[in-house]
1. Hey, can you grab everything whose amide H is under 5 Å from the amide H of F79? Only 5+ residues off in sequence or another chain; H modelled, so Pro and N-termini drop out.
2. Loop-only chymotrypsin sites (Phe, Trp or Tyr not before Pro) in the range 87-178, please: DSSP not H, G, I, E or B, and at most 11 other Cβ atoms within 10 Å.
3. Which whole number in µm²/s is D for the range 98-150 by Stokes-Einstein, with the Kirkwood Rh taken over Cα pairs at 10 °C and 1.306 mPa s?
4. Any idea which of Y147, L107, M133 is furthest toward the positive side of the dipole for the range 84-178, if Lys and Arg beta-carbons carry +1 and Asp and Glu beta-carbons -1?
Amino acid sequence: MINPGNNMAEEIDSDLDSDLDEKNTKKTSAFDIDVDEESEAAVLAGLSDNLLGEGEEDDLNLDDVENILELQDTNFPKFTLAKNKARFLRMVSWYRGKEEWIEVAPLSGVTKLFKTQTKELEGIRSSKLDYEMELETGTLTPSQRSYRRDELKMCRVQEKMAVHLISKLQVKIKSGRR
């Protein structure tokens, strides 16, 4: 008699492997990164001095910064909400990883990332315009205004990082097709 348990265990094992592979390959956005609660808590604990208080303004002019990824940790943009600072740090990590990946990536992978980043950039710019328009209306409460300014800064930062990555992807694509 055949033991049906062995085949079932192999199927479950292969299903788990394919699920893990899917999770590792589908991360095409900086926001898709999973962070466990312990590491996020550790990051947030160290951020208290890098957060803006109510009514404070960040002295960093994003227009003067060519590549945010080259900034020192102490020069990073400041946010009102700790969760936005943590989100920003995850984005920086993701974009730095992608920049390193470009050096060894196959042309097909670079082209695919170029397409997804270009599409994501459209969404970032759309959100940025929405936040700018909301802030101009003057109908927001102070806490809503603070939140929208944080989100607008997040969009500006992500736009700069995405544009920088897209330009590196374009260079790789052009050099790979020669």
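1. L52
2. Numbers: sites: F88, W94, Y95, W101, F114, Y131, Y147; in loops: none.
Passing both the DSSP loop test and the Cβ count: no residue.
3. On the way: Rh = 13.5 Å.
D, rounded to a whole number, is 117 µm²/s.
4. L107
Each value in this text was obtained by applying a stated rule to the coordinates, not by laboratory testing. Computed from a predicted structure; not experimentally measured. Glycine gets a Cβ as well: all are built from the backbone with ideal geometry, and neighbour counts include every protein chain shown.
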